[in-house]
């Protein structure tokens, strides 16, 4: 059975990755959206605009964009003028899948930021939907088959001239992000994180400064990024999402979210009144 249309959803499959459907009913500019893992996005309704390092890319309906891991973008999702809806489906590739594919020695160039797969053919789009359906049909399709379908998408990506690389495990920022992401609702402190990473708190803070960040900034960023994802791909109430990322006070959560992204959590869910374009 395929995922029901027009419904937010997210499904994870162990060491393979995850899928998500994003539904948005109003145009929003969201600042500094962090991409943790190698990601493929297919836009079905409306369009997505990505801005980074003085560059801009627009992804239109029926196109697929590949986003490299550990990148940050300003994102504008614009609903379709005929339906008032922005809809996209997302495939997230676990690092283990990317590493396995790299052993095949792909022919394209490494994607350092984004790559638009232009002129997306029917075969490519069918493969994307096939891989996405594998995540949705969790009870009927074994994880090994889902992995195979996701790898097929990486073959298509290489066919179009690009491949994903893996993240550098030497960066302390990445290791801290991954640890906090494992449970963003935990009451993380720099001392706790340092213990998990087998180093002193002073060493942790010093290494973060070298990488031009600090602990509280990372903690806030990981929590707000997870909250944004939950707002886009689930129908959980805002209060529940606040708790999921460590905030017992919804108003404090909303304030932090607005400070981080430039709009309130409820803005992500609101729909604008529109007149369909015939």
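Structure above, values below:
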quantity	calculated
Spacing of the two label points (7 Å from each Cα toward its C-beta) at residue 187 and residue 72, in nm	2.9 nm
Efficiency of FRET from Cβ geometry, residue 126 and residue 196, R₀ 35 Å, rounded to 0.05	0.25
Semi-axis lengths (Å, descending) of the ellipsoid that matches the C-alpha gyration tensor of region 172-269	27, 13, 11
More than 14 Å apart - percent of Cα-Cα pairs taken over region 75-161	71 percent
Region 9-163 pair-distance distribution - Cα-Cα, 5 Å bins, rounded %	2, 9, 19, 23, 21, 16, 7, 2, 0
Two-site FRET efficiency, residue 252 against residue 178, from Cβ-Cβ distance with R₀ of 30 Å, rounded to 0.05	0.75
Rounded Å value of the spacing that divides the Cα centres of region 52-105 and region 144-162	15 Å
Percent breakdown of C-alpha pair distances by 10 Å bin, ordered from the shortest bin, for the chain	6, 27, 36, 24, 6, 0, 0
Exposure proxy order (Cβ contacts within 10 Å, fewest to most) of 163, 247	247, 163
Simple spin-label estimate for residue 234 and residue 171 in nanometres, 7 Å along Cα-Cβ	2.6 nm
Two-site label geometry, residue 110 and residue 259: point separation in nm, points 7 Å out along Cα→Cβ	3.6 nm
Computed over region 192-266: relative contact order in percent, which uses C-alpha pairs under 8 Å that are six or more apart	20 percent
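Computed from the coordinates by the stated procedures, all read-outs in this text should not be read as laboratory data. Everything numeric in this text was worked out from a predicted model, so none of it was measured. With ideal geometry, Cβ positions are generated from the backbone for all residues, glycine too; neighbour counts draw on all protein chains shown.
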